[in-house]
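Peer 1: Quick one: the structure is below, questions incoming.
Just so you know, all these numbers are worked out from the coordinates, no wet-lab data involved. In this text the structure is predicted, and so the values were computed from the model without any measurement. FYI the Cβ positions are ideal-geometry reconstructions off the backbone, even for glycines, and counts take in every protein chain you see.
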Amino acid sequence: MRNKRTYDEVIVIDKPSIKSGIKTLDAFLSNNGGFELGNLILMTGTSGAGKTTLCKLLQREIKEPTNFHALESLASSVKRQTSRIKIDHGMAYITDEEDYEDFDEFMKFLYEDKPLFVMVDSLQHAVKQLKKKGMGDTDAHHHVLDSLYKWKDETQGIVILICQLNKDGSFSGPSGMLFDADARIHLEFNPKTGERTMETFKNRMGQLDSIFYEFTSCDEVMKFYTTEEWEVLKLNVTLPEMIMNTVFQFAQAYKNQDNYPVFKKEFNKGIKLIYKKLEDDLEICVEVARLMSEMKNKYF
C-alpha cells in the first residue's frame, strides 16, 4: 500500500528553542531565537577563535542539563583554560577520555544520562578512539556523526560537534560531512585585524548570517555584535557613511533590471552634482537619498 498526504495533512510540531539569553547570538542561531531542539551543529574554527570558551559560556547561560565531552584535552585542562567562567548551577557537566576511552561507551552514557545539550570536542579525536578498535578512517568519521545524529533525533537533544581544520583551513575529514549536519557554524580569528567573526555556512534553523564577537574582561566573557553594531561601535563608522552605504546597497538591488545601466549613469551624474554643490556630509546624504528615490520611481 502506498501512503501519501497533502501538505494540509502534514502536522508541524513547533518545538520551543533553548535560548542562551545573549540576544545577538540567539537571533543569529535561529529564526525562533536560540538553539532549536533536535539539531546537530558542526562547529569549526581557527586556532584561538574561542570554541571551547563559547561552549562553556553556553553551559553557564543555558540552565539545563549540558555535557561537554573533552577529547582534545583533559577536563582539568579545560577547567584551567576557562577558569574565569564561573557556573553557579549544578547542571553543567564535563567528561573526558579518562571517563570514556571508547566513543561508543560515551554514546551509551548519553542515552542513560539524557542531557539536553551535548558538546563534543572533537570529531577527529572521537575518530581516533574508533580507529584504535580497527575501524577505517572514513567509516569512523561517519560513525561519530551518525551516532550523534541518531541520538539527537531520538531524544530531541542538541549537539555541537567541534571539528578540526587543517593548516590550510580545509576540513580534516570527508568533505561531504560538512553538509550532513543541520547547521555549520565557523568561528574565525583574523590576527591581522584582531577581528573575530562567527558565520553560518548552513543553517536549517535560520538564515545564513555573520556576527562579530570579542572577549571581554567582565563577567559576560564574550560580547556579540551585529555587523551594523560593529561598524558603529568598533569601526567608528559615522551616520553619513552608514546612510551612504545603505543607499548604494539599495541601488545594487536593481542590478539585474533592464534599466539599470541608464539608471546607474544618471544616478552617478546626479551624485557628482550634489558633491559639487554641498559640503556638509549630512546634507549630502539627504540629497543622495532624495535622488535615489527619484531615480527608483523613474526607472523601476
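Peer 1: Assigning unit charges at the beta carbon (Lys, Arg +1; Asp, Glu -1) and nothing else, what dipole magnitude in debye, to the nearest 20, does the chain show about its Cα centre?
Peer 2: 820 debye
Peer 1: While we're looking at this one, here's another question. Give the lysines reachable from Lys276 as a straight Cα distance under 30 Å; neighbours fewer than 8 places away on the same chain don't count.
Peer 2: Within the straight-line limit of under 30 Å, Lys276 reaches these lysines: Lys255, Lys264, Lys265, Lys296, Lys298.
Peer 1: To continue, here is another question. Given a Förster distance of 35 angstrom, what is the FRET efficiency for Lys296 paired with Phe189, based on the Cβ-Cβ distance and rounded to 0.05?
Peer 2: Once the sixth-power term is evaluated, E becomes 0.30.
Peer 1: Binning every alpha carbon pair distance of region 239-299 at 10 Å from zero, what are the percents per bin?
Peer 2: Each 10 Å bin holds this share of Cα pairs: 23, 57, 20, 1.
Peer 1: Can I ask one more? Can you compute the FRET efficiency between Lys202 and Arg80 using 1/(1 + (r/R0)^6), with r the Cβ-Cβ distance and R0 = 41 Å? Round to the nearest 0.05.
Peer 2: In this case the efficiency is close to 0.75.
Peer 1: Which is farthest toward the positive dipole end of region 239-299 among Met242, Leu282, Met295, measuring Cα position about the Cα centre, with Cβ charges +1 (Lys, Arg) and -1 (Asp, Glu)?
Peer 2: After comparing all options, I get Met295.
Peer 1: Between Lys276 and Ser47, what is the label-to-label distance in nm when each label sits 7 Å out along the Cα-to-Cβ direction?
Peer 2: 5.6 nm
Peer 1: In region 1-75, what trypsin sites (Lys or Arg not before Pro) fall in a loop by DSSP, with at most 15 other Cβ atoms inside 10 Å?
Peer 2: Hits after loop and neighbour filter: Arg2, Lys4, Arg5, Lys63.
Peer 1: Could you work out, for region 7-231, what percent of all Cα-Cα pairs fall into each 10 Å distance bin, beginning at 0 Å and stopping at the bin that holds the largest distance?
Peer 2: Result, from short to long distances: 7, 33, 39, 17, 3, 0 percent.
Peer 1: Output the peptides 121-131, 259-269, 138-148 sorted from most to least packed, where packing is the average of other Cβ atoms within 10 Å over each peptide's residues.
Peer 2: Top of the packing list down: 121-131, 138-148, 259-269.
Peer 1: Using label points projected 7 Å from each Cα along Cα→Cβ, tell me how many nm separate Phe109 and Lys128, to one decimal.
Peer 2: The answer from the label model is 1.7 nm.
Peer 1: So how far apart, in nm, are the two label points at Asp102 and Ser175 if each is 7 Å from Cα heading toward Cβ?
Peer 2: Inter-label distance under the simple model: 3.6 nm.
Peer 1: Can you tell me the orientation of helix 103-113 relative to the chain, as the angle in degrees between its alpha-carbon axis and the longest Cα principal axis, to the nearest 10?
Peer 2: It works out to around 90 degrees.
Peer 1: Which net charge results for the neighbourhood of Phe179, defined as the other residues with beta-carbon distances under 15 angstrom from its beta-carbon, given Lys and Arg at +1 and Asp and Glu at -1?
Peer 2: With Lys, Arg at +1 and Asp, Glu at -1, the neighbours total 0.
Peer 1: Let me ask another. At most 14 other Cβ atoms within 10 Å and a DSSP loop assignment: could you name the GluC sites (Glu not before Pro) in region 80-159 that fit?
Peer 2: In loop regions of region 80-159 (DSSP not H, G, I, E or B), the sparsely surrounded GluC sites (Glu not before Pro) are Glu98, Glu101.
Peer 1: Expressed as a whole number of Å, what is the distance separating the alpha-carbon centroids of region 19-56 and region 169-244?
Peer 2: Their Cα centres are 11 Å away from one another.
Peer 1: So what's the convex hull volume per residue for the Cα atoms of region 142-220, in Å³?
Peer 2: That works out to 135 Å³ per residue.
Peer 1: Using the Karplus equation 6.51 cos²θ - 1.76 cosθ + 1.60 (θ = phi - 60°), what ³J(HN,Hα) coupling, rounded to whole Hz, does each residue of region 159-164 give in order, writing x for Gly and Pro?
Peer 2: 10, 10, 10, 6, 10, 7
Peer 1: List the GluC sites (Glu not before Pro) within region 25-95 that DSSP assigns to loop and that have no more than 13 neighbouring Cβ atoms inside 10 Å.
Peer 2: In loop regions of region 25-95 (DSSP not H, G, I, E or B), there are no sparsely surrounded GluC sites (Glu not before Pro).
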